[in-house]
Amino acid sequence: MVVRRPPGRRAQILAVAADRFHRSGYHQVSMTEVAAGVGITAPALYRHFRGKPELLDRAVRLGLDALAEGLRPARTTAELGTALAAVAVHHRPLGTLVQRDARLLPPARRAALRRELRADVALMVAVLRAERPELATGDAELLCWSALSACAGLSYQSAAPQPRRAEALLREMVAAVLGACLEGAVAGPAAVPVPEPGPRARREELLAAAVRLFHQRGFDNVSTDQLGAAVGISGPSVYRHFDSKAGLLAASLVRSRERLRHEVDGAIAAASGPGAALEAGLGAYVGFALRNGDYLGAMLSETERLAPPDRRAAVDFRRDFLRTWVGLLRQVHPTCDAATARIRVHALFALVNDGVRNRPHSARPDLGDCLLRLGRAVLGLS
């Protein structure tokens, strides 16, 4: 007797895998868990996919194929917004899969995915410049990447938004980003050189090196020997300062969170009135991001590698941080409900976090001013 597989089984598996990876992180999800979510056994799952890396690759590709298919027929920026919003809502895990988990794929696959995204952006740029021929190519590319990032911010919502409302709001934000003016953006002040730390600051050196290496290579791909070499000591000497590599990761993220809270909360507290506080917070966040892109990347990609108590602390911080911004935005726009405010704030964070790490635009001397303008656009302040 021939046993026929249910139609669409592979698509069902990919949908469950994407959702599990999105919610828990790639490393925390097993093939058995994915199989259970589909209602099959793990051996049955392996008849469809060889393992988790292939599942991740196919899940990401499924979302990117939908993005390319939606963008391809677009002839106006309004149609671009419709396509981006639809993919963001109906393939909600795609943002976290691309920004956090795709870095775990083999180099050749990462390069291929990056090429696909660049092709999508090139298509968007052509449409945008047809409507705004005055735009320089670099400005048009930054606007298009920023629109993508703002929509990807929906992926970080803890609860699924109401689809129609979310799509309408995302279309509005995409229009605001693609319509933003970057002309006359001014370069920020030159970075102040950081003096070489002394012997007593070895722990601080390790914290800074850990954030950088964990962001660039991933927690599992960084050894204690590499961490030690980054600060001029042997690998075993790392354990004089931290009990484990996981302890070093946790401490480095805690230190960076403390700095973020100090800078942004301080700027907000010093301002008079909600509007001024929101502007001050935006400026402080962009400034922090420009100097601490490695931390923002490590926070995004490596939080799942923390021990449960440390992971809860990181999640609690992000929840409190988001609540502060949502509250401010609703004071500035009293008619804005909490769901709308959360979507806008998540869009802001994604836009800025990607902007400071997305080369070649991250090297723009006027990037800070550009991100401030784009941040105001997604928050509905301009």
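The values are calculated or read from the model by the stated rules, or taken from the named source; none is laboratory data. Keep in mind that what you see is a predicted model, and the values were worked out from it rather than measured. In this analysis, Cβ positions are derived from the backbone assuming ideal geometry, glycine residues included, and neighbour counts consider all displayed protein chains. The protein model used for the area step is the full one, side chains on, heavy atoms only, and it has no ligands, DNA or RNA in it. Shrake-Rupley method; radii C 1.70, N 1.55, O 1.52, S 1.80 Å.
Taking the chain as a Gaussian network, where each spring joins two C-alpha atoms under 10 Å apart, which residue of 328, 143, 84 fluctuates the most?
328
Considering only protein heavy atoms, with the full assembly of protein chains and a 1.4 angstrom probe, order 285, 156, 46 by accessible area, largest first. If you can, show how the numbers build up before the last one.
On the way: 285 5, 156 65, 46 115 Å².
Correct descending sequence by accessible area is 46, 156, 285.
If you find the alpha carbon centre of the stretch 279-337 and of the stretch 6-67, how far apart are they in angstrom?
29
Could you compute the FRET efficiency for residue 131 and residue 366, with r as their C-beta to C-beta distance and R0 at 22 Å, rounded to 0.05?
Result of the calculation: an efficiency of 0.45.
Show that you can apply the helix-only estimate: for the chain, add -39,500 (n - 2.57) for every DSSP H stretch of four or more residues, divide by all residues, and state [θ] at 222 nm to the nearest 500. Don't skip to the end; give the middle numbers.
Numbers: 16 runs with 253 residues, N = 382.
The helix-only estimate for the chain comes to -22000 deg cm²/dmol at 222 nm.
Counting only protein heavy atoms, what percent of the accessible surface of the chain is carbon or sulfur at a 1.4 Å probe? Intermediate values should be presented prior to the final figure.
Details: 9750 of 17990 Å².
C and S fraction of accessible area: 54 percent.
At 0.36 nm per residue, and after removing the present C-alpha to C-alpha distance, how many nm does the segment from residue 68 to residue 233 gain when stretched out fully?
Working: separation 165, 0.36 × 165 = 59.40 nm, distance 4.75 nm.
Separation in residues times 0.36 nm, less the Cα-Cα distance, equals 54.6 nm.
Relative contact order for the chain: what percent, with Cα pairs under 8 Å and sequence separation of 6 or more?
18
From Cα pairs below 8 angstrom and at least 6 apart in sequence, can you work out the relative contact order of the stretch 222-289, rounded to a whole percent?
Details: 41 pairs, mean separation 12.9, N = 68.
About 19 percent, as a whole number.
Which value, in Å² and to the nearest 10, is the accessible area of residue 268 when all protein chains are kept and the probe is 1.4 Å?
30
For the stretch 284-365, rounded, prolate or oblate, judged on the Cα gyration tensor with a ≥ b ≥ c (square roots of eigenvalues), a/c < 1.5 rounded, else prolate if a/b > b/c? Intermediate results must be reported in sequence, preceding the final value.
On the way: a/c = 2.47, a/b = 1.15, b/c = 2.15.
Because a/c hits 1.5 or more and a/b fails to exceed b/c, the stretch 284-365 counts as oblate.
With springs connecting C-alpha atoms under 10 Å apart, model the chain as a Gaussian network and identify which of 346, 27, 91 has the largest mean-square fluctuation.
For the chain, modelled as a Gaussian network with Cα springs under 10 Å, the answer is 27.
With the other protein chains left in place, how much accessible area per residue, in square angstrom, belongs to the chain at a 1.4 angstrom probe? The partial results should precede the final answer.
Values: 17990 Å² over 382 residues.
Computed with neighbouring chains in place, this is 47 Å² per residue.
What residue among 211, 332, 98 has the largest mean-square fluctuation in a Gaussian network model of the chain, using Cα springs under 10 Å?
Taking springs between Cα atoms under 10 Å, the residue moving most is 332.
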